[in-house]
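The values are calculated or read from the model by the stated rules, or taken from the named source; none is laboratory data. Just so it is clear, the model here is predicted, and its values are computed rather than measured. Counting neighbours? That spans all protein chains shown, and the Cβs are built from the backbone with ideal geometry, glycine included.
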Amino acid sequence: MKLDLLAKLRETNPIVLNAANFVTVQDVANGLNALGASPIMSKEIAEVEEMVQMASSIAINLGTLTKLQIMQMKEMGLLAAQAQKPIVLDPVAVGAVNYRLQTAQKLLEAFPATIIRGNAGEIAALGGFAWNAKGIDAGSGSGDLDEITRKTAQKLHCTIIASGVTDTISDGQNIAHVYNGTPLFQAHVGSGDMLSSIVAAFAAVCDNSFEAAQTACLVFAATGELLVNDHPEVGPGTFSMYLMDYLAKVKETEITAIAKFD
Amino acid sequence: MKLDLLAKLRETNPIVLNAANFVTVQDVANGLNALGASPIMSKEIAEVEEMVQMASSIAINLGTLTKLQIMQMKEMGLLAAQAQKPIVLDPVAVGAVNYRLQTAQKLLEAFPATIIRGNAGEIAALGGFAWNAKGIDAGSGSGDLDEITRKTAQKLHCTIIASGVTDTISDGQNIAHVYNGTPLFQAHVGSGDMLSSIVAAFAAVCDNSFEAAQTACLVFAATGELLVNDHPEVGPGTFSMYLMDYLAKVKETEITAIAKFD
Amino acid sequence: MKLDLLAKLRETNPIVLNAANFVTVQDVANGLNALGASPIMSKEIAEVEEMVQMASSIAINLGTLTKLQIMQMKEMGLLAAQAQKPIVLDPVAVGAVNYRLQTAQKLLEAFPATIIRGNAGEIAALGGFAWNAKGIDAGSGSGDLDEITRKTAQKLHCTIIASGVTDTISDGQNIAHVYNGTPLFQAHVGSGDMLSSIVAAFAAVCDNSFEAAQTACLVFAATGELLVNDHPEVGPGTFSMYLMDYLAKVKETEITAIAKFD
């Protein structure tokens, strides 16, 4: 676990270009900004080339895709791949909606993702494993999530994060887990989207995508846990607001003190 | 008043599919989620069929409509009507903007709404009554709101909610009122949109749309009132954040204790 | 400095029509509403004529422009100019992205802005001065910001606000500065967008755009500073929430007591 990446992120303020979900976009921008990255959101294909040039990494979120946005995502991914900039894909709802799954597959044929972050149901769908999703939620599955994550990473030649109560991370060979967190992440819409873009911020400051993914998951999960330790009374609204405060002030030593991972 | 619907909603976590207003969409998603429903937002017509299939009910909000979105709304409504799923329409600004009124009327020709929730000016406009709207706010009118609500319900063959300081609800025959609330609902943009989607969540767990509408209005209004009783110092920002906490934790007994309705 | 404009704004509740940035739109709507203005957001060109007719002023934000939105912005600006309603332009990222700069220039050829509010890098780009932007942030420049602001105002025949730690305002002849504020404005994404729309609200209640601009900057900056004086522990999340409370309750006398400007 390379927790010193947090200091590196804050020193270098990487620019994360987002093809965003309009439901959660403000939270994602504020989360990136609070942590020390520099968010840009764009919807117009005519400016993608300039935006990618300026970006340190990109985050593509399928949350509220449209055909126009898919065209922009494809162009964004192609240009980022050419420029060898890290690409994070958040395949929202591919476990529940076939159109989403097909879209994710087409995008992944057009450009390689560096890291894919989804819930268990989304990762299982991308990997071709059976899982029982409920709406856009992870649902419950009986598969071996380690195996699903590892094999999906092998299939798609990237690092996979299946996030949830425990985050499972694999580059196709190694498996890592992050056990920190709080149920309030699930109670707030957009926690997953925020994590995906934060993963992109860490990928911008670390060549090893497996390490970037682990560190991002630990920083995010531990920050939420530290918040709830300090404010045990929070509900989903107060949690989401304090989360920004804690992302801005959380220290490496505080994370180390509570970190649970393997 | 069927307040036990709240427990039913939290047990069954109905999926509410939203054609959303981009100004308030994050709040709406978080409000639904906090209360115990499962929000989905979609902007792409190509996935509407799958989305409606998965949904328990749908909420169509005209708040920031575009021609593309109107096409999607129409398809969404048609499919939901075929599948006999409850449809809630929020006719934002139809009292102030003729293009909005025409759009709402065209949509209502294409599919029947189960429940329409708007402010007094919007309901009056749909019913064909004179009212003096101000911008997208309710404005002030001198009509008899009970009569306007009842007759609009008769005309449009649905349940109507004219929400405001007092919520007036009619199915064309019966009239109900909810007197709970707080002025802070008006001070926060998006309270109305959130209520409309919460009405859709209750309609998903209750076949009687008049009862679902009443219960949704009471739960929402009383939750805000309970919040302000506990935190009398809140302004519009802190109110909106605590609202999520209270939607997540509010109990049927707490609502019963302060409920004012007839 | 005409601080009595705040009372006038709250009495008259001007309607501010926004062509909005989808990242920050909810905050902008809530900020306008909290202060006492009445926000409307629109994305559809077919309703622009009615919307402009109803509006007291308009705010055009390039933050997440699309070709469709640019067409709507152009129409909105043309109609507002014909109706002699104040037009505020927020040229987000024109200092970093050439496509944005060209778009801003085309819009300004189509209609005159009354006030343009941006960061130093954006204003320098519009004025044709060298500056070193970083992503969509102001970056750092070595130019004389007074001179850049004044000359850009002369060139574009409008009032210019270059906002930042110090806000610099010019109508091409006079120069004003507002020194109040807090670094938390920079820590929260959307502070600038909110200020631009608040400038439009003040421009709706004051024929002198230079005075409207100054007053808006002082009210906004001092409100943030008062908030932080009362709550020194706030981070970016709690700041953004309290900001709504303080915009709703801030008094002219409180602003006067801490005002620093020339």
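Here is how the numbers come out for the structure above:
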{"read-out": "Residues of segment C:21-37 that turn out to be closer than 14 Å to residue B:190 by Cβ, within 9 Å of chain B (Cβ to nearest Cβ) and out of contact with any strand residue (DSSP E or B) (no Cβ under 7 Å at 6 or more places or on another chain), as a count", "value": "3"}
{"read-out": "Odd one out for residue A:98 among (1) within 14 Å of chain B (Cβ to nearest Cβ); (2) within 29 Å of residue A:241 (Cβ to Cβ)", "value": "(2)"}
{"read-out": "Residue A:192 within 14 Å of another protein chain (Cβ to nearest Cβ), part of a helix (DSSP H, G or I) and touching a Lys or Arg at 6+ places or on another chain (Cβ under 8 Å)", "value": "yes"}
{"read-out": "Residue in segment C:230-262 that is modelled with the lowest pLDDT, counting only those that are out of contact with any helix residue (DSSP H, G or I) (no Cβ under 8 Å at 6 or more places or on another chain) and within 30 Å of residue C:174 (Cβ to Cβ)", "value": "C:262"}
{"read-out": "Qualifying residues in segment C:38-72 (those that are facing chain B (nearest Cβ under 10 Å) and of a type in the set (Gly, Ala, Ser)) - the one farthest from residue C:117 (Cα to Cα)", "value": "C:46"}
{"read-out": "Residues satisfying the stated conditions in segment B:230-262, i.e. touching a residue at least 24 places away in the same chain (Cβ under 8 Å) and more than 12 Å from chain A (Cβ to nearest Cβ)", "value": "B:235, B:236, B:252, B:254, B:255, B:256, B:258, B:259, B:260, B:261, B:262"}
{"read-out": "Condition broken by residue C:207, with the remaining ones in (1) away from every other protein chain (no Cβ under 14 Å); (2) more than 29 Å from residue A:246 (Cα to Cα); (3) under 16 Å from the mean Cα position of the chain (by Cα) satisfied", "value": "(3)"}
{"read-out": "Index of the failed condition, residue B:18 passing every other in (1) surrounded by fewer than 21 Cβ atoms within 10 Å (Cβ to Cβ); (2) more than 8 Å from every other protein chain (Cβ to nearest Cβ); (3) in contact with a helix residue (DSSP H, G or I) (Cβ under 9 Å, 6 or more places away or on another chain); (4) of a type in the set (S, T, N, Q)", "value": "(1)"}
{"read-out": "Residue in segment A:168-185 that is surrounded by fewer than 24 Cβ atoms within 10 Å (Cβ to Cβ), more than 14 Å from the chain's Cα centre (by Cα) and closer than 17 Å to residue A:27 by Cα present", "value": "yes"}
{"read-out": "Complete set of residues in segment A:113-144 that are in contact with a helix residue (DSSP H, G or I) (Cβ under 6 Å, 6 or more places away or on another chain), modelled with pLDDT of 95 or more and assigned to a loop (DSSP other than H, G, I, E, B)", "value": "A:114"}
{"read-out": "Residue within segment A:228-239 that is closer than 25 Å to residue A:144 by Cα, in a helix (DSSP H, G or I) and aliphatic (A, V, I, L, M) present", "value": "no"}
{"read-out": "Single condition residue A:91 does not satisfy, out of (1) more than 14 Å from chain C (Cβ to nearest Cβ); (2) in contact with a strand residue (DSSP E or B) (Cβ under 6 Å, 6 or more places away or on another chain); (3) in contact (Cβ under 8 Å) with a residue 40 or more places away in the chain", "value": "(3)"}
{"read-out": "Output for segment A:203-214, where each listed residue is farther than 25 Å from residue A:121 by Cβ and part of a helix (DSSP H, G or I)", "value": "A:211"}
{"read-out": "Of all residues making up segment A:81-111, the number that are of a type in the set (A, V, I, L, M, F, W, C) and farther than 22 Å from residue A:152 by Cα", "value": "1"}
{"read-out": "Selection within segment B:221-238 - farther than 19 Å from residue B:166 by Cα and of a type outside the set (Gly, Ala, Ser)", "value": "B:230, B:231, B:232, B:233, B:234, B:236, B:238"}
{"read-out": "Number of positions in segment B:104-129 that are out of contact with any strand residue (DSSP E or B) (no Cβ under 9 Å at 6 or more places or on another chain) and either over 21 Å from residue B:66 (Cβ atoms) or crowded, with 24+ Cβ neighbours inside 10 Å (or both)", "value": "2"}
{"read-out": "Residue B:217 being part of a loop (DSSP other than H, G, I, E, B) and either surrounded by fewer than 24 Cβ atoms within 10 Å (Cβ to Cβ) or within 16 Å of the chain's Cα centre (by Cα) (or both)", "value": "no"}
{"read-out": "Residue match in segment A:155-166 (condition: within 14 Å of chain B (Cβ to nearest Cβ) and either more than 16 Å from the chain's Cα centre (by Cα) or at pLDDT 95 or above (or both))", "value": "no"}
{"read-out": "Residue check, residue C:176 under 20 Å from residue C:61 (Cβ atoms) and at pLDDT 95 or above", "value": "no"}
{"read-out": "Boolean, residue B:247 is buried (at least 24 other Cβ atoms within 10 Å of the Cβ), among the hydrophobic types (A, V, I, L, M, F, W, C) and in a helix (DSSP H, G or I)", "value": "yes"}
{"read-out": "Filter result for residue B:57 (in contact with a Pro (Cβ under 9 Å, 6 or more places away or on another chain) and polar (S, T, N, Q))", "value": "yes"}
{"read-out": "Failed item in (1) more than 14 Å from chain C (Cβ to nearest Cβ); (2) in a helix (DSSP H, G or I); (3) in contact with a helix residue (DSSP H, G or I) (Cβ under 8 Å, 6 or more places away or on another chain); (4) in contact (Cβ under 8 Å) with a residue 60 or more places away in the chain, with residue B:200 passing the rest", "value": "(3)"}
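Quick grid of which residues meet (1) within 16 Å of the chain's Cα centre (by Cα); (2) small (Gly, Ala, Ser):
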position	(1), (2)
C:4	no, no
C:30	yes, no
C:48	no, no
C:79	no, no
C:98	no, no
C:110	no, yes
